[in-house]
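These notes concern the structure reproduced below.
The values are calculated or read from the model by the stated rules, or taken from the named source; none is laboratory data. Treat the numbers as computed from the prediction; the structure is a model and nothing was measured. Note: ideal-geometry Cβ built from the backbone for every residue, glycine included; neighbour counts use all protein chains shown.
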Amino acid sequence: MDKETKKDQKDGSLNEEKQNVLSESEVENYSEMEKLRRYLAQKLRLVDLPANDQNNESQQLVLSKLNLDGIVEYIKENTNCKIITMAGAGISTSAGIPDFRSPSSGLYHKLDKYNLPHPQAIFELDFFMKNPEPFFTLAKELLPEGFKPTISHYFIRLLSEKGLLLRHYTQNIDTLERVAGLSSDKLVEAHGTFHTGHCLKCRAPYTLPWMKEGIIPKCEECNEGVVKPDIIFFGETLPERFQILADRDFTQADLLIIMGSSLVVQPFASLIDRVRNTCPRLLINNEKVGTQDRLSRFLGLRQGLVFDVKSAHGGRDVAWLGDCDTGCQLLADKLNWGDELRALMQREHERLKVEDKSDN
Ligand code: CNA
């Protein structure tokens, strides 16, 4: 080796060393930054600190393969696997109920006729108090009149029947989980439900069939208040049941399955970070979502899904991209439950058809 090359190598390794060793002031800045990050994460209370910050379980490859087969193997090996499912509007689109954010078919792209100041206004309490009509007109599109649960809904029910479902957390307000026969103790309707409603003035309770009468339901008790379905509007706190059960359930889960959500609405979206860091997370969705953005990485607000196995946090997250029903059926097939799932849906749809006929 000539002198020049030796010198270059020495300089190179010195530079590398320099890059790895932070100066005192850099260390100080870093720890100040870390303190600020943790302070904000706790103060904002948008999420708990990520599970990684709470315990030191080592990050390792939890699944033998980072794909659906790896998940199937994991479920088969863990006979008492406690599964949490989290869902969004995407599990109901095949039932004919549009989601919010899908390009062109999503509700946010179809709100022009309501003349709103901005699309979210339709779910804001202040706007609703002044002008409830747009919400109730839209509600007709979201109410499950004649809509039937999808394969994804029945997959969740099947998990429950097999004793594997710890809990199902849904953002959906369409009540299709109830229609699919999921028992209410397994269900957390994080954004409330159309199933019941209350008068905004005297709090008198009402049922869904009653609210469906007319355009804007007016309270029969006080004759003044508008009856609002018990769905959570932007800015309202989430139901107590959500807060209590989320604290209890997520640290116990052995597997998290997320379906049909853009994972942008908080605090629901950050539930994904509340499982233990050895808990595999399967995303079944049209698009990759829930990964960490730069701001939340800095603030420590969410770790997010990590599909890059080479990352320090990789090794347990799987994205299956495509239609929820296809993904759920494929998962059921691979678990040898495929025929059972198809039969369950067929039987239940027949039953609902008969019920519909006798109601009319
Ligand atoms: P969203 O923000 O509209 O996101 C839906 C996600 O699902 C997107 O990532 C889509 O790409 C994906 N998606 C849509 N259809 C499918 C499909 N068939 N297969 C796979 N992926 C699909 O909806 P979120 O639920 O994430 O947002 C939360 C809001 C939406 C909650 O507050 C809900 O109350 C609200 N919402 C609920 C309903 C309902 O109850 N059915 C309908 C519309 C909106």
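The figures follow:
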read-out: Unique residue being of a type in the set (S, T, N, Q) and away from the ligand (no atom under 15 Å from the Cβ) when the list is SER262, SER270, SER184; value: SER184
read-out: Tally of residues being within 15 Å of the ligand (Cβ to nearest atom), part of a helix (DSSP H, G or I) and either within 30 Å of LEU331 (Cβ to Cβ) or of a type in the set (A, V, I, L, M, F, W, C) (or both) across region 120-159; value: 16
read-out: The listed residue being within 16 Å of the ligand (Cβ to nearest atom), more than 30 Å from VAL72 (Cα to Cα) and in a loop (DSSP other than H, G, I, E, B), out of GLU224, GLU220, GLU213, GLU236; value: GLU236
read-out: Unique match (being within 16 Å of the ligand (Cβ to nearest atom), modelled with pLDDT of 95 or more and more than 19 Å from HIS153 (Cβ to Cβ)) among ARG302, ARG281; value: ARG281
read-out: Answer residue from region 81-97, given it is within 6 Å of the ligand (Cβ to nearest atom) and either more than 14 Å from the chain's Cα centre (by Cα) or among the β-branched types (Val, Ile, Thr) (or both) and is surrounded by the fewest Cβ atoms within 10 Å (Cβ to Cβ) among those; value: SER94
read-out: Any pair with Cβ under 7 angstrom, 6 or more apart, that starts in region 106-117 at a residue that is more than 18 Å from GLY260 (Cα to Cα) and within 16 Å of the ligand (Cβ to nearest atom) and ends at one that is part of a loop (DSSP other than H, G, I, E, B) and among the charged types (D, E, K, R); value: none
